[in-house]
1. Which whole-Hz ³J(HN,Hα) couplings does the stretch 45-51 yield from phi under the Karplus relation 6.51 cos²θ - 1.76 cosθ + 1.60, θ = phi - 60°, glycine and proline marked x?
2. In the calculated pair distance distribution of the chain, what percentage of Cα-Cα distances lie above 24 Å?
3. Could you check the spin-label model distance between LEU135 and LEU23? Points 7 Å from the Cα along Cα→Cβ, value in nm.
4. Out of residues 5 or more away from PHE45 or on other chains, whose amide H comes under 5 Å of its own, with H placed 1.01 Å from N in the peptide plane?
5. What number comes out for the charge environment of ALA109, summing +1 per Lys or Arg and -1 per Asp or Glu over other residues with Cβ under 11 Å away?
6. Please list, in order along the stretch 63-74, the HN-Hα scalar couplings obtained from phi with the Karplus expression 6.51 cos²θ - 1.76 cosθ + 1.60 (θ = phi - 60°), rounded to whole Hz, x for Gly and Pro.
Amino acid sequence: RAAGDKPGEAAALNCVGWDHALLGDYHQARGFCRQSLTLCAEEGFPWLEGNAWDSLGYVEHHLGSLAEAAACYRRALSSFREGGDRIHEARSLTHLGDTCQAADDLVQAQEAWQQALAILDDLQHPEADQLRPKLAGAGDAVSEPRA
């Protein structure tokens with residue numbers, strides 16, 4: 001702030017929020033992520049906004065606000081797609097899938113994970129191998145008849 005580096009401030013706020021989230025302090029994390037988003041919107045930093053939306057999605061998911069988390073991940077996806085950031089797009093799709101799974105929407109989870117896997121395979125990224133078991137499990141659960 002003292003240096004007037006607004007992009008650096010927005011990135012730092014998101015990082016502090018993410019660190020609080022990793023420590024399980026989700027309410028504190030939410031505040032920092034929202035501050036980052038406000039600064040990104042005010043100053044026009046779309047390349048930083050996707051990361052802040054993804055972080056806020058993680059926070060909302062862990063606070064049990066699954067619909068809000070999904071909305072955050074969709075906003076992150078929009079930013080990443082607009083910027084051509086495919087690896088972060090794949091990661092947000094993975095997070096969206098995790099949120100849909102937690103909300104018992106296995107069809108949407110599977111769709112998000114399939115999109116993420118297609119990107120990761122195209123990039124020949126090692127995270128693709130971590131996603132395959134989720135897809136296999138979701139496919140089994142979707143095909144099982146409900147009682």
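What follows draws every value from the coordinates through simple rules; no lab data is involved. Remember, predicted model here, so these are calculated numbers, not experimental data. Cβ atoms come from the backbone with ideal geometry, glycine included; neighbour counts cover every protein chain shown.
1. Rounded to whole hertz, the list is 10, x, 5, 8, 4, x, 5.
2. Values: 3701 of 10731 pairs.
Counting pairs separated by more than 24 Å, the tail of P(r) holds 34 percent.
3. Reported label-point gap for LEU135 and LEU23 is 3.7 nm.
4. Amide H neighbours of PHE45: none.
5. Values: positive: LYS134; negative: ASP98, ASP104, ASP105, GLU111.
That sum, taken over residues with Cβ under 11 Å, equals -3.
6. 8, x, 8, 5, 5, 5, 4, 4, 4, 5, 5, 5
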